[in-house]
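First the structure, in the form of structure tokens, and then the observations on it.
Where a number appears in this text, it was derived from the coordinates with a stated rule and is not lab data. In this text, all values refer to a predicted model and were calculated from it rather than measured experimentally. Methodologically, a virtual Cβ is constructed for each residue, glycine included, from the backbone with ideal geometry; neighbour enumeration extends over all protein chains shown.
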Amino acid sequence: MYIEELASGVRHTRDFLDTSRLSVHELRRAIHTLVGGASETPLTVSILSFGFKQGVPADADLVFDVRFLPNPYFVETLRPLTGRDSRVTRYVMRAGAARTFLRLTAACPCLQR
């Protein structure tokens, strides 16, 4: 859902949403109702790497600290490759922690549609 859609929906309604007692799921349903079926909009996920030293990106909704995962940068043959290379994927996913993290993240209610 785009912020512009939400803002447009709020500007054109006389109802205001008291979110103080809503669960995350109730809030999501209420916003979808308010903007008229925004649930058809596909969820967009952007993955980016950043340094905590510079701070978390301001427009990030969810941040997962994955510094516990094996870092292919420290493997000389993998260093010049990107995360899109299958050798990097295999290296990272060989770790049980990576598989567990991926499974638990995919099951996170905050990412369910």
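Model label sites at ARG99 and HIS25, defined 7 Å from Cα along the beta-carbon direction, differ in position by 3.0 nm. Taking a Cβ cut-off of under 13 Å around ARG79, the surrounding Lys, Arg, Asp and Glu residues balance to a net charge of -1, with basic ones at +1 and acidic ones at -1. Taken over the stretch 63-111, the convex hull of the Cα atoms encloses 86 Å³ per residue. Using a simple spin-label model with points 7 Å from Cα along the Cα→Cβ vector, what separation in nm is obtained for GLN54 and PHE68? Taking the simple label geometry, GLN54 and PHE68 are separated by 2.6 nm.
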